[in-house]
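Enquirer: Sharing a structure below in structure tokens format, with a few things to ask.
Readers should treat all values here as calculations from the given coordinates under stated rules, not as data from a laboratory. Fair warning: this is a prediction, and the values are worked out from it, not measured in the lab. So basically every Cβ, Gly included, is an ideal-geometry build from the backbone, and we count neighbours across all protein chains shown.
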Amino acid sequence: MRHKIKLFKKRYKAGLEFLSDPTHIAVNKLSSIEIGKKPHRYNIINFLIKSFNRETHYLEIGVRNPEVNFDKIDSEHKYSVDPCIELKGMPIDFIMTSDDFFKKLRDSEILSNEMKFDVIFIDGLHLAEQVERDIKNSLEFLKDDGYIVMHDCNPPSEYHASENYAYRLSPSKDYWNGTTWKAFVKFRQSNDYYSCCIDTDWGVGIISKKINLGKPSSIENPFYEFKTLDKYRTECLNLMPFDDFKELISTK
């Protein structure tokens, strides 16, 4: 018993030291700031949908729990895609990976390969390679004046941008943006599309085929190092407040 008490005290002391670590405190503050930002992603998506002034088709990739975002979207035609690995029994339209969904869509096994969406929201597996595929596939089925919207494009620290979702001893705790930012930054360097990131809700990235949202990024970051993103964050992401974005859209 005495040994167990001694071990408990040792672990308790280690836990207190971890929680009082300056890095832990600083990263926790960054998380709190991000949580407090408004508007939410669904507010931005609904703003875009309303801007079309027509009947719209909306696709959400990576739903998890529909109550968080999908159910809040005001579109006449909505479709959800999720493999339902984390939460079983969710009311998802297409229970499969996004890769499988787009393949079946392309082959007209589901819906129709002539289907085009006004807004496609990407919030699936937060790893750069997968996100890049989701962007490319989405562009194929996006209307010419449509928008791709992406979550988690602006991780506040390198801990939030880890590749390991399951690691809970990180100072970012369970707030995880993954490496989505790398895929978004890669498309930010393209001259074929326009893009920006709204500074709210962990970074809401927007990609458009025809609406001028700003110049491509000229920042050199061939190895996608987080320190470079952090130093040149505004230009890398074309980071802007929501009010500035609304002004851009209103003049389209």
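Enquirer: Which value in nm describes the separation of the simple spin-label points at Asp100 and Arg168, placed 7 Å from the Cα toward the beta carbon?
Expert: 2.8
Enquirer: What residue among Glu67, Glu34, Glu140 has the largest mean-square fluctuation in a Gaussian network model of the chain, using Cα springs under 10 Å?
Expert: Glu67
Enquirer: Take Lys136 and Ile85, extend 7 Å from each Cα along the Cα→Cβ direction, and tell me the distance between the two endpoints in nm.
Expert: Those two pseudo-labels are separated by 2.0 nm.
Enquirer: Please arrange Ser51, Ser190, Ser217 by counting, for each residue, the other beta carbons lying within 10 Å of its beta carbon, fewest first.
Expert: Result, fewest neighbours first: Ser190, Ser51, Ser217.
Enquirer: With θ set to phi - 60°, apply the Karplus curve 6.51 cos²θ - 1.76 cosθ + 1.60 along the stretch 163-171 and write out the HN-Hα couplings as whole Hz, x wherever there is a Gly or Pro.
Expert: Values per residue, Gly and Pro as x: 7, 9, 5, 7, 7, 9, 8, 5, x Hz.
Enquirer: Please give the FRET efficiency for Asn65 paired with Tyr232, using the beta carbon to beta carbon distance and R0 = 41 Å, rounded to the nearest 0.05.
Expert: On the way: r = 35 Å, r/R0 = 0.84.
Between Asn65 and Tyr232 the formula returns 0.75.
Enquirer: What residue among Asn137, Asn53, Asn212 has the largest mean-square fluctuation in a Gaussian network model of the chain, using Cα springs under 10 Å?
Expert: So, out of Asn137, Asn53, Asn212, the one fluctuating most is Asn53.
Enquirer: Can you tell me the relative contact order of the chain? Whole percent, Cα pairs under 8 Å, sequence separation 6 or more.
Expert: Dividing the mean separation by the residue count of the chain yields 16 percent.
Enquirer: Can you work out the PRE-style zone for Tyr224? Point 7 Å along Cα to Cβ, and I want the residues of the stretch 102-146 with backbone N under 20 Å.
Expert: 121-140
Enquirer: Tell me, what HN-Hα J-couplings in whole Hz come from the Karplus equation 6.51 cos²θ - 1.76 cosθ + 1.60 at θ = phi - 60° for each residue of the stretch 83-92, using x for Gly and Pro?
Expert: So the J values, rounded to whole Hz, are x, 6, 7, 7, 10, 7, x, 6, x, 9.
Enquirer: Using just the Cα positions, wrap the stretch 109-212 in a convex hull and report its mean projected area in square nanometres, one decimal place.
Expert: 7.3
Enquirer: Determine by what factor the alpha-carbon radius of gyration of the stretch 57-115 differs from 2.2 N^0.38 Å, reporting the quotient. It would help to have the intermediate numbers written out before the result.
Expert: On the way: Rg = 11.4 Å, N = 59, 2.2 N^0.38 = 10.4 Å.
So the Cα radius of gyration is 1.10 times the expected 2.2 N^0.38 Å.
Enquirer: Can you divide the C-alpha Rg of the stretch 38-250 by 2.2 N^0.38 Å and report the result to two decimal places? Before the final figure, lay out each step's value.
Expert: On the way: Rg = 16.4 Å, N = 213, 2.2 N^0.38 = 16.9 Å.
Dividing the Cα radius of gyration by 2.2 N^0.38 Å gives 0.97.
Enquirer: Grab the Cα-Cα distance for Asn43 and Ser112, subtract it from 0.36 nm times how many residues apart they are, and report the gain in nm with one decimal.
Expert: Values: separation 69, 0.36 × 69 = 24.84 nm, distance 2.85 nm.
Result for the pair: 22.0 nm of gain on full extension.
Enquirer: Could I ask something else about it? Largest first and to the nearest Å, give the Cα extent of the stretch 49-171 along each principal axis.
Expert: In descending order, the Cα extents are 46, 30, 27 Å.
Enquirer: Amide H to amide H, which residues 5 or more places from Ile110 or on other chains are under 5 Å from it, using H placed in the peptide plane?
Expert: When sequence neighbours closer than 5 places are left aside, the close amide H contacts are Leu105.
Enquirer: Here's a follow-up. GNM, the chain, Cα, under 10 Å: largest mean-square fluctuation among His40, His126, His77?
Expert: His77
Enquirer: Using 29 Å as the Cα-Cα cut-off, could you pick out the over-long pairs in Lys29/Lys143; Lys143/Lys215; Lys29/Lys215; Lys37/Lys227? Kindly include the intermediate steps, with their values, before the conclusion.
Expert: Numbers: Lys29/Lys143 40 Å; Lys143/Lys215 21 Å; Lys29/Lys215 32 Å; Lys37/Lys227 23 Å.
From the list (Lys29/Lys143; Lys143/Lys215; Lys29/Lys215; Lys37/Lys227), the Cα-Cα distance tops 29 Å for Lys29/Lys143; Lys29/Lys215.
Enquirer: Same structure again: Stretch Lys215-Asp192 to full length: gain in nm at 0.36 nm per residue minus the Cα-Cα span?
Expert: Between Lys215 and Asp192, full extension yields an extra 7.2 nm.
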